[in-house]
Amino acid sequence: PAISANSVASGLNKLVTIPAGTAAGTYYIWVVADNGSVLNQSSVANDYAHSTALTVTVTAAQSDILPQNIVLSSSSATAGGTLTVTFDIHNQGSGNAIATTTRLRLNQSSTTTTVSDTSLGDVTTPAISAGGTASGLSKVVTIPSGTASGTFYIWVVADNGSVLNQSNVNNDYGRSLAFTVTGNGGPANSPFTGTVDWIHNLNT
């Protein structure tokens, strides 16, 4: 703003961004008054002043992997039966991702998954470069024979062993569309509860 003689414009401030490509080291921020040279000043030699020293650090590039395109081979399964789960793992981070393990889980929730879910096994996931995708990963899973009839989801959990230093781990989870599990008919030797008329032939 305009400043009268012998006065001060106090509390001026600006949020600045350190350029992403800046090398690590010690820096100063200089404040340059009347940068457009519009004033007729008695002295311009004192238009420059700098901050105290600040240290710029460089954060290593991090990966950020997430499951995508989760597809089941069928919209229904029998308890004790199998399904094929196919999916992609995408790395949207700026750093490369080393090889990891992806876990498949069976859950009736469409919004969350926990370690108490039923594990359906692991899929070895290859290293993925920054911006790359491991496509067409798949596993044939078995729905546990004791699973109750109902609506279920298969969750795909990327980096299940937490071996990556990711910029975001909240998107490591993805799920399939809903599918239906039906009972497998009960034990093979279920007791008979009907009525039978027995005819015994005593003739030899």
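Pairs are defined by a Cβ separation below 6 Å, a sequence spacing of at least 6 or placement on different chains, a first member in the range 63-76 that is within 25 Å of Gly132 (Cβ to Cβ) and assigned to a strand (DSSP E or B), and a second member that is open to solvent by 20 Å² or more (accessible area, probe 1.4 Å) and β-branched (Val, Ile, Thr); the pairs so defined are Val71/Thr86. Would you confirm, using the coordinates I've provided, whether Ala45 is touching a Ser or Thr at 6+ places or on another chain (Cβ under 7 Å) and of a type outside the set (Ser, Thr, Tyr)? In short, no.
Selection of first residues in the range 113-141 that are in a strand (DSSP E or B) and at pLDDT 95 or above and of second residues that are surrounded by fewer than 13 Cβ atoms within 10 Å (Cβ to Cβ) and of a type in the set (A, V, I, L, M), restricted to Cβ pairs under 8 Å at least 6 apart or on distinct chains, gives the following pairs, ordered by first then second residue: Thr124/Ala99; Thr125/Ala99.
Collect the residues in the range 78-111 that are over 24 Å from Val140 (Cβ atoms), open to solvent by 60 Å² or more (accessible area, probe 1.4 Å) and in contact (Cβ under 8 Å) with a residue 24 or more places away in the chain, keeping them in residue-number order.
Scanning the range 78-111 gives Gln92, Ser94, Asn96, Ile98.
Residues that are over 18 Å from Asp64 (Cβ atoms), open to solvent by 70 Å² or more (accessible area, probe 1.4 Å) and not β-branched (Val, Ile, Thr) do not occur anywhere in the range 150-168. Could you look through the range 1-25, keep only residues that are among the β-branched types (Val, Ile, Thr) and open to solvent by 90 Å² or more (accessible area, probe 1.4 Å), and pick out the one that is nearest to Val58 (Cα to Cα)? In this case the residue turns out to be Thr17. Specify the residue that is most open to solvent (accessible area, probe 1.4 Å); the eligible residues are those in the range 28-44 that are closer than 25 Å to Val56 by Cα and part of a loop (DSSP other than H, G, I, E, B). Selected residue: Tyr28.
The values are calculated or read from the model by the stated rules, or taken from the named source; none is laboratory data. All figures in this text were calculated on a predicted structure; none of them were measured in a lab. Cβ coordinates were reconstructed from backbone atoms using ideal geometry, including for glycine residues, and neighbour counts include every protein chain displayed. Each accessible area value is taken on the protein alone, full model and side chains, heavy atoms only, with ligands, DNA and RNA left out. Shrake-Rupley method; radii C 1.70, N 1.55, O 1.52, S 1.80 Å.
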